[in-house]
Amino acid sequence: MTGYMARLLTVLGEPSMRYCDAMAWSRLERDLRVSLPEEYKEIVDGYAPVEINGHLHLMHPATRRWNLAEKIRSTSEAWSQVEWEEGEPEGDPRESLGVPELRFGDAGGLIPIASTNRGETIFYAPKGGQGAGTLFVENGEGEFFEYSMGFAEWLWRWLNGEEATGPGGSAYYPGPVALRNLPMTPDERPETRYGPAPGV
């Protein structure tokens, strides 16, 4: 367990592991033709489908609603339809990835792994970071920002109010982290729960 994973557990609380399913991850990774980061899968298995601090949505590959595989597919298809004009997008990931064409949803491009209700999308780039993998965040306005770190570190920084979705993109809330399970039926109204108080 990385240091950032251990820190996250202290603020998110005990993971429920409601939908932990190794086969669902295997199917998703087979379709993507790439392995997703282990710490990302640990966080998703532990808490998803969930809304964190009222904004960040994490989905799971083993659920019918809020299904991660379907979300990756639909988001990638939507991004693949974008026709970039010259000089776009801002913070063009192609330069960092060393690819001539911006692709979505496969090992050579950007894989959408999380999003916020503010329009931000978090992508995993398997070939970024000199082949070690890196994150790109699109801020909802067509600008991409690269974060050369793992998902656990990125989430820790986001929770602590750092600008982890680009300049002006902080979302800090003092006090315990708020977690709300995403509803699994149309009429379900999950209550918000809270992680341990800071310092506990």
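Read the figures in this text as sums done on the coordinates, not as results from a lab. Computed from a predicted structure; not experimentally measured. We place every Cβ from the backbone using ideal geometry, glycine too, and count neighbours over all the protein chains shown.
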Top positive-direction residue, dipole computed over segment 72-200 with Cβ charges, set Pro183, Gly105, Gly195 | Gly195
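Under unit Cβ charges (Lys, Arg +1; Asp, Glu -1), what dipole magnitude, rounded to 20 debye, does the chain have relative to its Cα centre?
Dipole magnitude for the chain comes out near 920 debye.
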Note, Val34: beta-carbon cut-off 11 Å, +1 each Lys/Arg, -1 each Asp/Glu, net 0
Placing +1 at every Lys and Arg Cβ and -1 at every Asp and Glu Cβ, with all other atoms neutral, what dipole size does segment 54-161 have around its Cα centre, in debye to the nearest 20?
-> 820 debye
If one takes the longest principal axis of the Cα atoms in the chain, at what angle in degrees, from 0 to 90 and to the nearest 10, does the Cα axis of helix 22-32 lie?
-> 20 degrees
Rg (one decimal) and Dmax (whole number) from the Cα set of segment 107-149, in Å, equal 10.0, 31
Where both partners of a DSSP beta bridge lie in the chain, what percent of those bridges are antiparallel, to the nearest 5?
-> 85 percent
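Rounded to the nearest 20 Debye, what is the dipole magnitude of segment 132-200 about its Cα centre when Lys and Arg each give +1 and Asp and Glu each give -1 at the C-beta?
Numbers: 4 positive and 10 negative charges, 74 e Å.
In total the dipole reaches around 360 debye.
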Using mean Cβ contacts within 10 Å as the protection proxy, how do 132-140, 156-164, 20-28, 81-89 order, highest first?
-> 132-140, 156-164, 20-28, 81-89
Which one, (1) 46, 41, 34; (2) 49, 35, 34; (3) 51, 45, 31, gives Cα extents along the principal axes in Å as derived from the coordinates shown?
-> (2)
